[in-house]
1. From the set of residues in the stretch 60-105 that are within 16 Å of ligand 2 (Cβ to nearest atom) and charged (D, E, K, R), which is farthest from Ala36 (Cα to Cα)?
2. Counting only residues that are over 14 Å from Val254 (Cα atoms) and either at pLDDT below 95 or part of a loop (DSSP other than H, G, I, E, B) (or both), how many does the stretch 155-201 have?
3. Of everything in the stretch 233-259, what is among the β-branched types (Val, Ile, Thr) and farther than 30 Å from Asp202 by Cα? Give them in sequence order.
4. In the stretch 171-181, what count of residues is obtained for those that are closer than 22 Å to Gln118 by Cα and more than 16 Å from ligand 2 (Cβ to nearest atom)?
5. Being within 17 Å of the chain's Cα centre (by Cα), under 17 Å from Tyr245 (Cα atoms), more than 16 Å from ligand 1 (Cβ to nearest atom) and surrounded by 16 or more Cβ atoms within 10 Å (Cβ to Cβ) is true for just one of Ala169, Ala157. Which residue is that?
6. The conditions are (1) of a type in the set (D, E, K, R); (2) touching a His at 6+ places or on another chain (Cβ under 9 Å); (3) touching a residue at least 12 places away in the same chain (Cβ under 8 Å), and Glu49 fails exactly one of them. Which is it?
7. Here is a list of conditions, (1) surrounded by fewer than 19 Cβ atoms within 10 Å (Cβ to Cβ); (2) over 16 Å from Met197 (Cα atoms); (3) hydrophobic (A, V, I, L, M, F, W, C); (4) in contact with a strand residue (DSSP E or B) (Cβ under 6 Å, 6 or more places away or on another chain), and Val26 meets all of them except one; can you say which number that is?
8. Any idea which of Phe148, Phe54, Phe135, Phe120 is modelled with pLDDT of 95 or more and surrounded by 24 or more Cβ atoms within 10 Å (Cβ to Cβ)?
Amino acid sequence: MRILFFGDIVGKVGRDAVHLSLPKLVKKYGVDFVIANGENASHGKGLTESNYHFLIDSGVDCVTLGNHYHSKSQIDYYIDDADYLVRPINLKNYSLGEGSAVFTVNGMDVRVTNVMGQAFMSEEVEDPIKTMEEFLEETKPCIHIVDFHADSTSEKAIFGHFFDGRVTAVLGTHTHVATNDCHILEGGTAFQSDVGMCGDPDGVIGFEKESVINRIVYGEGRFELNDKARMMINAVLIDVDELTYKATAITPIVSIVEK
Ligand SMILES: [Fe+2]
Ligand SMILES: [Fe+2]
């Protein structure tokens, strides 16, 4: 089985980048299942219901979130009906929605779980390793892709090695910058510290660069998105052995999407 995973989708440019590239990638690489991190898909923070549906209608099979899961508070009203949306499993004070979901793909179970890290994150969450460990004890083994939404590369590596051989893939999101460390860990888990983002490649982590400089250097204005920017995607393909649920290959896809 082949699974395609898109890093954080940032704003309209990110949504359009996924919308335009996804069908071509699915066809070219024979993809069976598509996951995308949507925590920044709406105006750079959070996910509106209409943008969630846009991603699903574009061919995404499961949308994951992160620390911006609640940046669009309307999520409270649709998350329980959103069958293809997974928010972080280790949130402290939020019980709506699900932190993990199982999908049927070619007659097989594929589980997707979203977990948040703790290092350098302002959102307080339950211990990610403890939460995941307890969760795995209650679930039966199957193909299992974990979106580990965290800032620190070492925290991500620790998490990956801790669950090596117990999940199919640990894919990092949140920093919006892809790391050059795609590999299969010794126990058979596909790993990348951060998949990167889908959005404007000429800005600062997807935001228009002048607005970020003005905000950070001069304390003026706010982060803006450039809806006319070029479109970039950062994604990975994961090949999975359907008998062992282990990964056999992880391949990064980084490209500019033509309009
Ligand atoms: Fe993000
Ligand atoms: Fe994030």
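1. As a first pass, look at the stretch 60-105 and keep what is within 16 Å of ligand 2 (Cβ to nearest atom): 63-72, 75, 85-91, 94, 99.
Next, from what is left, pick out any that are charged (D, E, K, R): 72, 87.
On the way: Lys72: 18, Arg87: 12 Å.
Checking each candidate, the answer is Lys72.
2. Here the count works out to 12.
3. Val240, Thr244, Thr248, listed by residue number.
4. The total comes to 1.
5. Values: Ala157 fails: under 17 Å from Tyr245 (Cα atoms).
From the options Ala169, Ala157, the qualifying one is Ala169.
6. (2)
7. Val26 satisfies every listed condition except (4).
8. Details: Phe54 fails: surrounded by 24 or more Cβ atoms within 10 Å (Cβ to Cβ); Phe135 fails: surrounded by 24 or more Cβ atoms within 10 Å (Cβ to Cβ); Phe120 fails: surrounded by 24 or more Cβ atoms within 10 Å (Cβ to Cβ).
Exactly one of Phe148, Phe54, Phe135, Phe120 is modelled with pLDDT of 95 or more and surrounded by 24 or more Cβ atoms within 10 Å (Cβ to Cβ), namely Phe148.
The values are calculated or read from the model by the stated rules, or taken from the named source; none is laboratory data. Please read all numbers here as calculations on a predicted model, not as lab measurements. All Cβ positions, even for glycine, are placed from backbone atoms using ideal geometry, and neighbour counts span all protein chains on display.
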